[in-house]
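Every number in this text was worked out from the coordinates using simple rules, so none of it is lab data. Note that the coordinates shown come from a computational prediction; the quantities given were computed from them, not determined experimentally. No Cβ is skipped: glycine too gets one built from the backbone with ideal geometry, and neighbour counts run over all protein chains shown.
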Amino acid sequence: MPPSATAVCDSYCDDRDPALPPGAHRSPTRPATAPRPTALAPVCNLHCDGRDPALSAGERVAQAVPAGTRRVALHFDSTETMGWAVISGGGQGDAVWLDRSYDAGATWQPKLGSTTTPAGYGGWRTSMHNVDDWANLGVGLLRACGQPAGSSSIACTSWYRTTWNAGNRATAAATALMQRYNLGTGLFDTTGWWNAANALNAIIDNARVSGMGSYRYAIARTYDLNRTAWSGNFVNEYNDDVAWWGLAWIAAYDLTGDRRYLDTARVGADHIHRYWDQTCGGGIWWTSSRTYKNAIANSLYVQLNAALHNRLPGETTYVQRARDGWRWFEGSGMVNGSNLVNDGLVTSTCRNNGQTPWSYNQGVPLAALTELHRATGDQAYLARARVLADASTTNAALNPGGIVFDNGGGGDVPSFKGAFARGLGQLNRALSDRPYTAYLKRQADTAHARDRSSSDSYDQPWAGPFQRSDAARQHSAVDLMNAAG
């Protein structure tokens, strides 16, 4: 029996298709997970932990909170990338300290610089501590905490960081995503295998559009730690997963010029092509169980093949696969009368199954058509993409109140809007009049104003309110900020 749909899975476990045999649900090889650093050894960047705040060249107060009749405040010097805590309005014995986290606040190093207010003073402060640990690739946050003398009550600020690697909303969102990057697995905590491909793609795109290369190390680290997972070369039983990773490696190739990434994307594309047959007139199967032909796998197939052609001078095979793939997709019936893409086909009838038009099923065809236009020069592909984009950006059900939203839960759905924004952004850049700039900016402005935590983490509904975040929710926000500019 295949594992239950409610089985506990990690990043190397996938139960989406119960028709797959049990052995297909978990990778036989996984990197050992190294624990995150918890030791309190001093961190040294520009300066070492323990620096006197009197030496700060400039400071700002990130947040202040009440602690009974006292006030606890978190101070930053963004030039020195350090912070310190201050307690005021009290007297002798009031305690104050910093906590530092390298995993988006899930765990933390406690009571850094812990001290108490001495006799004769109404307030006191800790020494300065670094937010990040550059030598060990620790991407951090700080919070200030205080406890009035004689009280059992503790008050802490929210988590914040300096503006280092967070100078604008796109780089700040990328830095918040990298707080969830697990150096031991080369994946992103709190999300799964295919979502991790999208998260890495978002980081790569951010490096491209922002020029901030601080997190380029994640590319090779992810590749080296995970190349032998599943069937090797980022191939597993899900053709959409294989394509997501293939596109991430194409993005990595574009940024780095390292040929191994492009070669790995080719391996994935060739693997997927094995699942093209004439059931329903063509198209690839979603998984190796060959039970479902759906929109996401087939639109990714088109995009991946066209993208490979555009990076392999003189090749003809991949562009023909892309042309054939789009011809089949367009005629399959998955695009409904409103020019929205439903989830897939009923296998027995080869007709549109009428299932939810998820946002990523609207965005990936736009990227696919943009790559096809680049490959062929045929303006008809861009014209068709514009029709589909006009439909998805104006549909009231998909954009309640003007802000795109996928009405559903689960581990997959939070990644959908990121792929939508990425695809729409690719099309927008290919069109001389940039017709979707205002739409993308509205999404980004709304998310930044209504759906953002103090540490630049984002939730799933960009219209807010913020409640929680994870790597899938976060990469979608990074994709949006990358696309909106």
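Projected label points at THR163 and VAL61, each 7 Å from Cα along the beta carbon direction, are separated by 1.9 nanometres. Between ARG351 and VAL346, the built amide H atoms are under 5 Å apart, and every one of these is 5 or more places off in sequence or on another chain.
Let a ≥ b ≥ c be the square roots of the eigenvalues of the Cα gyration tensor of the stretch 413-457; is it rounded (a/c under 1.5), or, if not, prolate (a/b larger than b/c) or oblate? Oblate is the answer for the stretch 413-457, as a/c is 1.5 or above yet b/c matches or exceeds a/b.
In plain terms, the chain from THR29 to ALA380 could stretch by 121.9 nm, reckoned as 0.36 nm per residue minus the Cα-Cα distance.
Close amide H pairs (under 5 Å, H built 1.01 Å from N) link PHE466 with ARG452, residues at least 5 positions away or on another chain. Between ARG208 and GLN92, the C-beta separation translates, for a Förster distance of 45 Å, into a calculated FRET efficiency of about 0.25. A straight chain from GLU315 to ARG468 at 0.36 nm per residue would run longer than the Cα-Cα distance by 50.5 nm. 3J(HN,Hα) along the stretch 69-76, derived from phi through the Karplus expression 6.51 cos²θ - 1.76 cosθ + 1.60 where θ = phi - 60°, amounts to 8, 8, 10, 10, 10, 9, 10, 10 Hz, with x in place of Gly and Pro.
Here the spin labels are modelled as points 7 Å beyond Cα on the Cα-Cβ line, and at THR437 and ALA106 they lie 3.9 nm apart. Between ASP324 and ARG216, the simple spin-label model (points 7 angstrom out along Cα→Cβ) gives 3.8 nm. Using a Förster distance of 45 Å, how high is the FRET efficiency between SER114 and ASP258, based on the Cβ-Cβ distance and rounded to 0.05? The formula returns an efficiency of 0.50 here.
Entry note, the stretch 333-470: relative contact order of 19 percent, from Cα contacts under 8 Å with a spacing of 6+ residues.
Converting phi to 3J(HN,Hα) with the Karplus coefficients 6.51, -1.76 and 1.60 and the offset θ = phi - 60°, the stretch 469-485 yields 9, 7, 5, 5, 4, 6, 5, 4, 5, 4, 4, 5, 5, 4, 6, 7, x Hz in sequence order, with x at every glycine or proline. Maximal additional length on extending the CYS9-SER152 stretch stands at 47.5 nm, based on 0.36 nm per residue less the C-alpha distance.
Computed from backbone phi with θ = phi - 60° and the Karplus coefficients 6.51, -1.76 and 1.60, the 3J(HN,Hα) list for the stretch 131-146 is 6, 9, 10, 4, 5, 10, 6, x, 9, x, 9, 10, 9, 9, 10, x Hz; x is used for glycine and proline. Taking amide H atoms as placed 1.01 Å from N in the peptide plane, the amide H of ALA67 lies under 5 Å from those of VAL72, each 5 or more residues away in sequence or on another chain. Rounded, prolate or oblate: which fits the stretch 444-485, taking a ≥ b ≥ c as square roots of the Cα gyration tensor eigenvalues, rounded meaning a/c under 1.5, else prolate when a/b beats b/c? Verdict is oblate for the stretch 444-485.
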